[in-house]
1. Which percent of Cα pairs goes in each bin when the distances of segment 1-113 are cut into 5 angstrom slices starting at zero?
2. Any chance you could run the full-extension gain for residue 46 through residue 104? It's 0.36 nm times the residue separation minus the Cα-Cα distance, nm to one decimal.
3. Leaving out ligands, DNA and RNA, and with a 1.4 Å probe, what % of the accessible surface on segment 46-88 is carbon or sulfur?
4. Viscosity 0.692 mPa s, temperature 37 °C: give me the Stokes-Einstein translational D for segment 43-87 in µm²/s, with Rh taken as the Kirkwood radius over C-alpha pairs.
5. If you plug each phi of segment 2-11 into the Karplus form 6.51 cos²θ - 1.76 cosθ + 1.60 with θ = phi - 60°, what whole-Hz ³J(HN,Hα) values come out, in order, with x for Gly and Pro?
6. Please state the relative contact order of the chain as a whole percent: Cα pairs under 8 Å, 6+ residues apart?
7. What are the ³J(HN,Hα) couplings of segment 110-121, residue after residue, when phi is run through the Karplus curve with 6.51, -1.76, 1.60 and θ = phi - 60°? Round to Hz, x for glycine and proline.
8. Could you name the aspartates and glutamates in cross-link range of residue 64, using Cα to Cα under 18 Å and dropping any fewer than eight places away on the same chain?
Amino acid sequence: QVQLVESGGGLVQPGGSLRLSCVASGNIVIINDMAWYRQAPGKQRDMVAVIGSGGNTNYPESVKGRFTASRDNSKNTVYLQMNSLKPEDTAVYYCKARVWVLGRTGWYDYWGQGTQVTVSS
């Protein structure tokens, strides 16, 4: 009913930048929070950015000051600008959206398929 598709991942050198995008589509009435998570091999999936429908954001200390989330509600799209990338930022990055779906009651969380980000020289 709802699909999320990420794009923008790739290989970048330490200190470089990438911008990820995630577009939500389907039977969407409205989207509440949107978030970015990442998962490195053998590790748990961790949140790296949350952005509310009004644009308020929250970040863990590990990325604060380097990562910036933004969204375009008219396009059901969330972005993640990543600067000063480090090798430890290497992971698969996933977006998540909390959605009110047409024909259903309540909020439901949907995930994208992920996009690989590799930081290496």
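The values are calculated or read from the model by the stated rules, or taken from the named source; none is laboratory data. These figures come from a predicted structure and were not determined experimentally. Surface accessibility is based on the protein's heavy atoms, side chains included, excluding ligands, DNA and RNA. Shrake-Rupley method; radii C 1.70, N 1.55, O 1.52, S 1.80 Å.
1. 2, 12, 24, 24, 18, 10, 6, 2, 1, 0
2. Working: separation 58, 0.36 × 58 = 20.88 nm, distance 2.84 nm.
Going from the current span to full extension adds 18.0 nm.
3. On the way: 960 of 2190 Å².
That fraction is 44 percent.
4. It comes out at roughly 287 µm²/s.
5. 3J(HN,Hα) across segment 2-11, in whole Hz: 10, 10, 10, 10, 8, 7, x, x, x, 9.
6. Values: 307 pairs, mean separation 44.1, N = 121.
For the chain, the relative contact order is 36 percent.
7. 10, 10, x, 8, x, 9, 7, 10, 10, 10, 7, 8
8. Here the aspartates and glutamates satisfying the reach criterion relative to residue 64 are 46, 88, 89.
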